[in-house]
Amino acid sequence: MRLSLKLSGVKPSATLAINAKTQEMKAAGKPVVSLAVGEPDFPTPGHIKDAAKAALDADFTRYTAVPGIPELRDAVGAYFGRFYGVTPPREAVIVTNGGKQALYNLFTALLNPGEEVLIPAPYWVSYPDMTILAGGLPVSVPTDAEDNFLVSVEALEKARTPGTRILVLNSPSNPTGGCYSKAQLDAIVEWAIARKVFVIADEIYDQLVYPPAERVSCVGWWEKHSENVAVVNGMAKSFAMTGWRVGYCVAHPGLIKAQSKIQGQATSNVCSFAQKGALAALTGGFDCVEKMRASFERRRDLAMEVVSRWPGVKCPTPGGAFYLFPDVSALYTKNIPDSAAMCGHILEKAQVALVPGAAFGDDRCIRLSYAVNDKTLLEGLSTVGKALKEIR
Ligand code: PLP
């Protein structure tokens with residue numbers, strides 16, 4: 001089969017590969033527990049589903065404007081006003097098929113061939129591949145568990161070249177749960193703006209933050225430097241709406257128009273009644289979000305209590321999202337030399353599915369998700385702990 005050369009550097013999703021192996025084991029009758037999931041285990045709150053059902057019943061089923069229905073674009077603006085004190089106008093907002101499409105639009109709209117994208121590692125799996133698909137060059141900037149996997153200005157400066165075009169910041173982070181403080185974020189964005197490096201802030205987990213970590217956004221930087229900053233967010237993680245495919249982006253109106261052009265030729269508008277559901281979510285109460293946030297915080301504590309007792313394993317306490325990213329490299333052996341082999345060993349011995357850190361640009365670590373119920377989480381972690389002890 002003859003395919004585009006563009007695809008040669010693009011990897012299939014590592015999480016999907018783990019899911020396939022898990023399904024295979026389940027089909028063979030093995031009771032596999034998955035701590036590999038990247039989505040909340042809660043159902044979408046009732047008032048959001050009701051709004052989408054009402055939209056269907058009212059025959060709100062036709063094409064909408066490509067960048068979204070006006071009231072939803074306004075609600076996105078109001079969301080930032082409510083939590084961060086900056087209310088972007090309608091023309092600075094686009095509604096996208098998940099945060100994913102907002103990111104894809106941005107890379108496509110901003111990058112020229114060979115331009116470099118600084119991606120602090122560990123990173124969310126799609127940034128490098130999206131960069132490549134857009135003709136750019138991903139440049140991984142390593143961080144360490146000792147620094148909560150947060151990147152420093154010094155490390156960024158070392159990685160910067162005259163070809164650097166974009167910096168991707170993801171806080172809270174998938175896979176580490178690491179969160180930048182406002183001061184840390186400000187220092188990094190200031191550095192980028194002074195060097196004309198465009199900042200893409202992926203804030204998809206902004207509602208899932210556990211004090212003392214702070215809920216922070218780059219929208220204030222967008223307000224001051226709209227030609228240099230874009231903010232991506234979405235409904236998936238905060239409102240348990242992963243399957244609805246509704247995300248959004250705040251950017252300079254010129255960049256929103258460019259994104260609309262790309263989206264208009266690729267997918268057109270986000271599903272009409274899903275937009276109505278998102279509107280109900282953003283304009284309704286946030287009690288449901290707080291309830292889910294509090295559950296994740298409690299599970300984070302349960303999981304950390306177990307993982308911090310695993311000998312030889314380093315795992316900073318994450319301030320947000322719903323992942324732990326322990327560094328297990330001290331346990332590597334001749335037979336288990338990397339994160340893929342480690343996840344293979346754990347799947348075999350403990351029948352627990354995890355994701356190898358290599359997929360996120362850090363082969364020392366493994367990612368586990370605590371977006372599962374307490375019983376599954378504790379039983380899963382207990383068997384993983386036993387499988388790790390067997391290595392020695
Ligand atoms: N950004 C990060 C860091 C994510 O973890 C994800 C989903 O896993 C996304 C963006 C995309 O989310 P969506 O489902 O809204 O496309």
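Brief remarks on what is shown
- DSSP beta bridges confined to the chain are antiparallel in about 45 percent of cases.
- Calculated FRET value between residue 27 and residue 301, using beta carbons and R₀ = 41 Å, to 0.05: 0.75
- Each peptide in 45-57, 253-265 was scored by the mean count of other Cβ atoms within 10 Å over its residues; highest first, the order is 253-265, 45-57.
- Here the label points at residue 82 and residue 61, each 7 Å from Cα along the C-beta direction, are separated by 3.0 nm in the simple model.
- Where only alpha carbons of region 159-221 are counted, the Rg and the Dmax (Å): 12.1, 38
- Sorting 110, 3 by solvent-accessible area of protein heavy atoms yields 3, 110, largest first, with a 1.4 Å probe.
- Protein-only accessible surface at a 1.4 angstrom probe places the residues 82, 195, 299 in the order 82, 195, 299, largest first.
- Calculated P(r) tail over 23 Å for region 46-283, as whole % of Cα pairs: 46 percent
- Three principal axis extents of region 83-146 based on alpha-carbon atoms, in descending order, are 36, 34, 19 Å.
- Measuring only protein heavy atoms, the 1.4 Å probe finds residue 317 accessible over about 90 Å².
- Each distinct pair of alpha carbons in region 1-127 adds a 1/r term; the inverse of their mean, the Kirkwood radius, is 19.3 Å.
- Span-rule helices in the chain, defined as complete DSSP H runs reaching 24 Å or more along the axis (Cα) with Kyte mean at least -0.5: 374-391
- If you model region 222-276 as an ellipsoid using its alpha carbon gyration tensor, with each semi-axis the square root of five times an eigenvalue, the axes come out at 22, 16, 7 Å, biggest first.
- Computed from phi, the 3J(HN,Hα) profile of region 146-156 under the Karplus parametrisation 6.51, -1.76, 1.60 (θ = phi - 60°) reads 4, 9, 6, 6, 9, 7, 10, 4, 4, 5, 5 Hz, with x in place of Gly and Pro.
- Computed FRET value (nearest 0.05) for residue 309 with residue 50, which takes r as the C-beta separation and R₀ as 30 Å: 0.10
- Modelled label positions at residue 7 and residue 71, each set 7 Å beyond Cα in the direction of Cβ, lie 4.2 nm from each other.
- Length gained on full extension, residue 382 to residue 283, computed as 0.36 nm times the residue gap minus the Cα-Cα distance: 31.5 nm.
- Stokes-Einstein D for region 248-392, Kirkwood Rh over Cα pairs, 25 °C, 0.890 mPa s (µm²/s): 136 µm²/s
- GNM result for the chain, Cα springs below 10 Å: residue of 237, 276, 196 fluctuating most strongly: 196
- The distance linking region 231-272 with region 275-300 is 19 Å (Cα centroid to Cα centroid, whole angstrom).
- Residues with amide H under 5 Å from that of residue 366, placed H, sequence gap 5 or more: 328, 357
- Pairs over the 24 Å Cα-Cα cut-off, from the set 158/196; 182/224; 26/375; 237/261; 6/26: 237/261; 6/26.
- Förster radius 25 Å - calculated FRET efficiency between residue 154 and residue 257 (Cβ-Cβ, nearest 0.05): 0.10
The values are calculated or read from the model by the stated rules, or taken from the named source; none is laboratory data. No experiment lies behind these values; they were computed from the predicted model shown. We place every Cβ from the backbone using ideal geometry, glycine too, and count neighbours over all the protein chains shown. Please note that ligands, DNA and RNA were not included when accessible areas were found on the heavy atoms of the full protein model with its side chains. Shrake-Rupley method; radii C 1.70, N 1.55, O 1.52, S 1.80 Å.
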